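Have a look at the structure below before the remarks.
Coordinate-derived values only; no laboratory data. The model shown is predicted, which means the values in this text are computed figures rather than measured ones. Neighbour counts are summed over all protein chains in view; Cβ atoms, including those assigned to glycine, are modelled from backbone coordinates with ideal geometry.
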Amino acid sequence: MTDRGAILVTGGAGYIGSHCCKALAEAGYRPVCFDNFSTGHRRFVRWGPMVTGDVRDRRQLQAAFQSYDFSAVMHFAASSLVGESVTDPQKYYANNVGGTMALLSVMRGAGCGRLVFSSTGAVYGNAGSDPIPESAPRFPVNPYGKSKLMIEEILSDYRQAYDLNSICFRYFNASGADASGTIGEYRDPETHLIPRAMMSLQGEVPNFGIFGDDYDTPDGTAVRDYIHVTDLASAHVQAVNMLLGDHAGGAYNLGTGVGYSVSEILSAIFAEAGCKMPLVYHPRRPGDPSVLIADSSVARMHLGFNPIHSNLGTIIRTAWNWHTKGAFEQLRGGR
Ligand code: UDP
């Protein structure tokens, strides 16, 4: 296969980062995973070299840039627990904003001017409109979302001032797993709906429940836009292609434009698993909006974004495949 060059993937041992490494390798790039393994998994580094390092450490980053001639960077390394960001904001501003500042200064020093940044739909906060376009007001309601918005603003200024073009992707609900069942979603603690429900069916999560049944939605449970991680990975590779082809950069929503309620997600999981559990209702989780659906028409138009894996059946089937395969079992057992 042709070698299209080395791409630095910070946080490449995480959920979305590892799927992007696989997609980069399949597209002929050489993904170099740079990860401090605070939450990432060594077993997820399968498609290129692994560099153990922290994005806040300029010297470790510089050493990576001396070892490889990176044509672009995908930046995932970040702290990403919304609740923790409220109780420990310093960690979020230091890791997310501080880490990105260190990365940007090393990139500029090395003459690398192409970046794909992992942002979030959380930059919109409690958006008034559904579906949400990129032009919607951005008022994040927690330090996690604020830290990502700050980085977007920094990148916008850098785009104007320097030869450093970037594409920011605001993901909605990343979900599903690679069809191989070798990589997928696993965090400790796990807070997300689909993996928590699946782990609960497997007897791993006690007290699983639905947060809120009194939302202003058809069945009273909250509605989200679930986007398959393989579609996210394709979008990231396409972004690298376009930045290397002189795309000026910008910020794009990545979602499907279709929403599913928590109850609908659980029904789909029970159907796939062939078993169910009694439904328990908890109060609303603080800060959860009732409906979040992306308008991704700009990404479709400008980047050719086409989320072909993001139907609910494929999302749930690949997630359950990951949860019931040996790789997940080994990871959970620390083997
Ligand atoms: N949720 C739930 N029970 C759980 C975890 C999540 O009812 O154990 C709900 C949550 O309140 C939200 C939706 O599922 O309405 C999706 O939550 P998740 O944490 O997966 O993603 P978020 O939309 O918060 O980024």
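Laid out as a table, the results:
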{"quantity": "Cα-based shape type of the stretch 279-335, given that a ≥ b ≥ c are square roots of the gyration tensor eigenvalues and the cut on a/c is 1.5", "calculated": "oblate"}
{"quantity": "Extension gain (nm, one decimal) between Phe270 and Asn126, 0.36 nm per residue minus Cα-Cα", "calculated": "48.8 nm"}
{"quantity": "Most positive-pole-ward Cα, Cys168, Met107, Ala248, against dipole of the chain from beta carbon charges", "calculated": "Met107"}
{"quantity": "Computed label-point distance, nm, for sites Met277 and Asn311 using a 7 Å Cα→Cβ extension", "calculated": "2.9"}
{"quantity": "Ascending count of other beta-carbon atoms within 10 Å, so fewest first, for Cys275, Cys20, Cys168", "calculated": "Cys275, Cys168, Cys20"}
{"quantity": "Selected from Cys33, Cys21, Cys112 as most flexible by GNM, with the chain as the system and alpha-carbon contacts under 10 Å", "calculated": "Cys112"}
{"quantity": "Folded to 0 to 90 degrees: helix 143-161 orientation relative to the chain principal axis, Cα", "calculated": "30"}
{"quantity": "Within the chain, helix-based [θ] at 222 nm, where runs of 4 or more DSSP H residues each add -39,500 (n - 2.57), nearest 500", "calculated": "-11000 deg cm²/dmol"}
{"quantity": "Cα centre as origin, Lys/Arg/Asp/Glu Cβ charges: the chain dipole, Debye", "calculated": "820"}
{"quantity": "Rounded to 10°, Cα long-axis angle of helix 312-323 versus longest principal axis of the chain", "calculated": "80"}
{"quantity": "For the stretch 87-135, alpha-carbon Rg over 2.2 N^0.38 Å", "calculated": "1.54"}
{"quantity": "Charge dipole of the chain about the Cα centre (unit charges at C-beta), most positive-ward option of Thr182, Leu81, Pro49", "calculated": "Pro49"}
{"quantity": "All-pairs alpha carbon distance profile, the stretch 45-125, 10 Å steps from 0, percent", "calculated": "16, 47, 28, 9"}
{"quantity": "Distance from the stretch 33-67 to the stretch 220-278 (C-alpha centre basis), Å", "calculated": "26"}
{"quantity": "Whole-number D in µm²/s for the chain (Stokes-Einstein; Kirkwood sum over Cα pairs; 20 °C, 1.002 mPa s)", "calculated": "106"}
{"quantity": "The stretch 118-188 - Debye-derived log10 I(q)/I(0), Cα point model, q = 0.16 Å⁻¹", "calculated": "-0.71"}
{"quantity": "Over the chain, relative contact order from alpha-carbon pairs under 8 Å, at least 6 apart, %", "calculated": "18"}
{"quantity": "The stretch 11-77 shape via C-alpha gyration tensor axes, a/c threshold 1.5", "calculated": "oblate"}
{"quantity": "Helix 15-26 vs. the chain, principal-axis angle (Cα, 0 to 90°, nearest 10)", "calculated": "50"}
{"quantity": "Whole-Å distance, taken between Cα centres, linking the stretch 116-169 and the stretch 293-335", "calculated": "22"}
{"quantity": "Furthest towards positive pole of dipole, Thr2, Trp320, Ser129, structure part the chain, Cβ charges", "calculated": "Thr2"}
